[in-house]
Amino acid sequence: MDEMPILTRRRIEAEFARGVYEEMARAFGAEAARRVLAAAVVRMAKAQAADLARQAPGGAPDLASFRAIQRLWTAEDALEIEVLAESATAFDFNVTRCRYAEMYRALGLADLGAVLSCARDGAFCEGYDPKLTLTRTQTIMGGAAHCDFRYRREG
C-alpha cells in the first residue's frame, strides 16, 4: 500500500463512488445500489488488509502489527483517539473526532459515509488476521458522540 494518507484516499474514492452510486441507483434502485457499493467496499477492505498483513514483521500479523498500521488512518489528524486498553489480545479506544465523517458530510454524502468508511472496519479485521475481531456499538457517522472500537485477538 502506498503512503497516501487514507483520509485523502477516501476523499478521492468518495467523489468517484458518488457518481457510480448515482448511476446504479437510477438503473437498479437505491437499495440495490447501496448493496452493491457495500459489497465492493467490504471486498476491497479485505484485500487491502491481506496485503498489509503480508507486510507484517515475519509475515505473521498480530495485534501489535495491527496497532502499528493505525498511523495510516490517523494521518492528517484524521482521527482523535482516546486509547483505553492495549495488550497482546486487546486494543480498545474511542474515536472522539472523525474527520472522515466530517468529510462525507461536507461532500453531501452523509447517507453513504457509513458504507464508504465505517463498514470497512470489521471487514479489514477479517482480511488482516482471522483471529482478530472488532466490536463497535456506535459511530460518529451514525450520530453518536464517539466511536467505540474494541479489538480482540484470540490466542
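Values in this text are rule-based calculations from the coordinates and carry no lab data. Everything numeric here is computed off the predicted structure, so don't read it as measured data. All Cβ positions, even for glycine, are placed from backbone atoms using ideal geometry, and neighbour counts span all protein chains on display.
Choose one of A119, T96, I69: the residue whose Cα lies farthest towards the positive end of the charge dipole of region 1-119 (beta-carbon charges +1 Lys, Arg; -1 Asp, Glu; about the Cα centre). Farthest towards the positive end: A119.
If R0 is taken as 30 Å, the Cβ-Cβ distance between D51 and E15 corresponds to a FRET efficiency of 0.80. Taking R43, R71, R35 as the candidate residues, the one with maximal mean-square fluctuation in a Gaussian network model of the chain, Cα springs under 10 Å, is R35. The helix-based estimate of mean residue ellipticity at 222 nm for the chain, built from -39,500 (n - 2.57) per DSSP H run of four or more residues and divided by its residue count, is -15500 deg cm²/dmol to the nearest 500. Long hydrophobic helices in the chain, taken as whole DSSP H segments with a C-alpha length of 27 Å or more on their own axis and mean Kyte-Doolittle hydropathy at least 1.0, are absent.
Three semi-axes describe the equivalent ellipsoid of region 6-153; taken as square roots of 5 times the Cα gyration tensor eigenvalues and ordered largest first, they are 27, 18, 13 Å. In whole percent, what relative contact order does the chain give with Cα contacts below 8 Å and a gap of six or more residues? It comes to 26 percent, rounded to a whole number. Around the amide H of I140, modelled in the peptide plane, lie the amide H atoms of C147, all under 5 Å away and 5 or more residues distant in sequence or on another chain.
Modelled this way, with points 7 Å down the Cα-to-C-beta line, the labels at E126 and A60 are 2.6 nm from one another.
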